[in-house]
Amino acid sequence: MRLDQAKRDRYRRIAKREGYRSRASFKLIQMDKKYKLFKPKHIVVDFGSAPGGWLQYLSKAIGTEGFALGIDLKPVKPIAENVKTFVTDIKNSNIEDKIIEMLPKKADVVTSDLSQSLSGIWELDVARQIDLTSKVVELFPSILEKGGSSILKVFQGEGFDALLDRLKKDFKSMIIVKPPASRPQSSEVYLLCRGYADRL
Ligand SMILES: C[S@@+](CC[C@H](N)C(=O)[O-])C[C@H]1O[C@@H](n2cnc3c(N)ncnc32)[C@H](O)[C@@H]1O
């Protein structure tokens, strides 16, 4: 068995044992452990949230006084009192109003693990994934609190550098993170951005 496969199976086993719906949960858990992203009472918007692994972790991290809103093309089975979800395409034009309506206030953190089904055509898959992530970035002015943070999955390829430049302008700091649970040969990385609009 290849090392990569063994690692994936290991995370799948731990996810099952700990009651997480996806092994993707561990990417967020590892990033939070290292970079301390979430606090009790935080308001979080999570894009690309199905089947709900990140939301399960967020629900615990933000506590009963926090609130997480999950958005995906696919429905997410109920998680907890402090989590709400809705089914939509991030490209829908009314998404901004809908999110604002559902949030008690602007989010402290916006997370995105968005990725579409892969076509296998590398350039196309990168372009589509970066397009999805750019939609999230476009929503920041209306949904992310000044001084807030974001963690965004991005595929490294054409358009990656332009997105980085944009985020460096919008946030006080931005670092590229590759959590151990992310497959080494996958081109995905996470952009950890802190201090939204603190420069502006
Ligand atoms: C890797 S999965 C997310 C896994 C999730 N973080 C978890 O822990 O369970 C990526 C998700 O992005 C969603 N997605 C892809 N394109 C989308 C779009 N245009 N609008 C909303 N969600 C989308 C997919 O349906 C999929 O559920």
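No value in this document is a laboratory result; all are computed from the given coordinates. Just so you know, these numbers come straight off a predicted model, no measurement behind them. FYI the Cβ positions are ideal-geometry reconstructions off the backbone, even for glycines, and counts take in every protein chain you see.
Here are some notes:
- Taken about its Cα centre, region 24-196 carries a charge dipole of roughly 680 debye when the Cβ of each Lys and Arg holds +1 and the Cβ of each Asp and Glu holds -1.
- Prolate/oblate/rounded label for the chain (Cα gyration tensor, a/c 1.5): rounded
- 13 Å reach of a label modelled at SER134, 7 Å along Cα-to-Cβ, counting backbone N of region 85-102: none
- Take the Cβ atoms of GLU158 and GLU81, set R0 to 35 Å, and the FRET efficiency comes out at 0.25.
- According to the Cα-based calculation, Rg over Rh for region 77-186 is 0.96, with Rh computed by the Kirkwood formula.
- For ALA68, distant residues with modelled amide H under 5 Å away: VAL44, VAL83, LYS84
- Scanning the chain for GluC sites (Glu not before Pro) that sit in a DSSP loop and have at most 14 other Cβ atoms within 10 Å, the longest stretch containing none of them is 82-157.
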